[in-house]
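Here the structure comes first, spelled out in structure tokens, and everything after it is commentary.
The values are calculated or read from the model by the stated rules, or taken from the named source; none is laboratory data. The structure presented is a predicted model; accordingly, all values stated were derived computationally and were not measured. Please note: Cβ atoms are built from the backbone with ideal geometry, for glycine as well, and neighbour counts cover all protein chains shown. The area values use the complete protein model at the heavy-atom level, side chains included, leaving out ligands, DNA and RNA. Shrake-Rupley method; radii C 1.70, N 1.55, O 1.52, S 1.80 Å.
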Amino acid sequence: MDAEGQERFREFVANRSSALLKTAVLLSGGDRHAAEDLLQNALIKAAGRWHRIDEPEAYVRQILYRQQTSRWRLKWPRRELSVAEPPEGTADADTSAAADLRLLMRGALARLTARQRTVLVLRYFEDLPEADVARLLGCSVGTVRSTTHRSLARLRALAPELAPLAPADGDERPSRDFSPMEARP
């Protein structure tokens, strides 16, 4: 990579790494350390091909999605740290309720499979249409639809407290009032 390419890569990392890290945290089920590793590996792969990349952010995001969906192939289970209750703070009621919702969502997302979590992140956090999700994941639109349906059903089963926020049966997508990704970690 030449000096100009290095400078453009450094600028890209400085400007976009926080947004990419948020996506990586969601993809990894709320595990910040795994998200940092995921993003670092994606950036390393992108750096090697930097001079051939037309849309760097789209390229890095695609690496993130594909790496995360292939993590389930690992033979050893991911280690998670569970705590009985979240630490108490001096937050007001509104902040506390939002934090509780985020914790609930993070816990439910962490218990989904990597593929289910990836489809939900792409559909609702990244707000991508089904065709784009299918193209990114290398599967059919029907697979995206069925995975989305099963993932939302599993999410609702894991976190029944979210049911009042869910869309009515038969809706293709949740209304803007409900998005599983609204409770971002």
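Structure values in brief
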| read-out | value |
| --- | --- |
| Estimated FRET transfer efficiency (ILE44, LEU101; beta-carbon r; R0 35 Å; 0.05) | 0.50 |
| Net charge of neighbours whose Cβ lies under 13 Å from the Cβ of ARG61, counting Lys and Arg as +1 and Asp and Glu as -1 | 0 |
| Residue-by-residue Karplus 3J(HN,Hα) for the stretch 4-9, coefficients 6.51, -1.76, 1.60, Hz, glycine and proline x | 5, x, 4, 5, 5, 5 |
| Extension gain, SER70 back to HIS51 (0.36 nm per residue minus Cα-Cα distance, nm) | 4.3 nm |
| Å² of accessible area per residue within the stretch 98-168, as computed with a 1.4 Å probe and no ligands counted | 46 Å² |
| Potential extension, SER18-ASP132 segment - 0.36 nm per residue separation minus Cα distance | 38.8 nm |
